[in-house]
Amino acid sequence: MLNVVLHEPEIPANTGNIGRTCVAAGARLHLIEPLGFRIGEKELKRAGLDYWDKLDVRVYDNFDDFLEKNPGAKIYMATTKAQKTYAEVSYEEDCYIMFGKESAGIPEEILVEHEDTAIRIPMIGDIRSLNLSNSVAIVVYEALRQHGFEHMNIEGHLHRLQWKNL
């Protein structure tokens with residue numbers, strides 16, 4: 001199972017959208033406190049729509065608590081400070097992909113300890129960053145693509161309608 005980790009997320013709507021993405025992708029969501037909202041906030045659940053109850057979500061007191069409860073976890077750090085792009089690595093099926101808070105990203109002291117697994121999403125010019133929920137979707141779906149979208153619905157079906165007198 002793929003794991004998405006949010007380090008101190010601040011905006012409930014982003015976390016709700018990410019929760020919905022996790023449900024659609026079959027991923028587990030890990031939230032590292034402090035959070036900029038309460039889990040029960042209506043904005044969080046509204047963004048996650050009716051998927052929030054299907055989400056496997058875990059909450060941790062801090063990054064050390066997360067590491068202690070997930071020993072040996074392979075963690076990719078999504079940051080604008082990385083040398084490699086998100087498409088240049090091979091994601092293990094049970095890896096963890098961590099994203100920082102909206103206002104500041106992942107703290108520098110954490111990044112220096114995981115520099116070899118830091119990844120970035122390329123952007124033009126001096127754009128600071130993408131929206132957090134968009135960034136999560138980009139990287140998660142690259143990891144899923146690398147594994148052939150295993151266990152996912154990969155074919156859609158159109159409902160053929162006959163149009164008359166158009």
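The values are calculated or read from the model by the stated rules, or taken from the named source; none is laboratory data. Predicted model, so just to flag it, every value in this text is computed and none were measured. No Cβ is skipped: glycine too gets one built from the backbone with ideal geometry, and neighbour counts run over all protein chains shown. Quick note on the areas: whole protein, heavy atoms, side chains included, nothing else; ligands and nucleic acids left out. Shrake-Rupley method; radii C 1.70, N 1.55, O 1.52, S 1.80 Å.
What the table below lists for this structure:
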{"item": "Region 24-52 - residue that is at pLDDT 90 or above and more than 11 Å from the chain's Cα centre (by Cα) and, of those, nearest to residue 78 (Cα to Cα)", "result": "32"}
{"item": "Leading residue by the ranking (nearest to residue 91 (Cα to Cα)) among those in region 101-127 that are loosely packed, with under 15 Cβ neighbours inside 10 Å and of a type in the set (Gly, Ala, Ser)", "result": "104"}
{"item": "Hits in region 128-160 (condition: farther than 16 Å from residue 92 by Cα and open to solvent by less than 100 Å² (accessible area, probe 1.4 Å))", "result": "129, 130, 131, 132, 133, 134, 135, 136, 137, 138, 152, 156"}
{"item": "Every residue from region 56-95 that is open to solvent by 30 Å² or more (accessible area, probe 1.4 Å) and of a type in the set (Val, Ile, Thr)", "result": "57, 59, 80, 85"}
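Listed here are the residues, each with its yes/no results for (1) touching a Leu at 6+ places or on another chain (Cβ under 9 Å); (2) assigned to a loop (DSSP other than H, G, I, E, B).
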site: 73; (1), (2): yes, yes
site: 76; (1), (2): no, no
site: 81; (1), (2): yes, yes
site: 87; (1), (2): no, no
site: 91; (1), (2): yes, yes
site: 94; (1), (2): yes, yes
site: 97; (1), (2): yes, no
site: 110; (1), (2): no, no
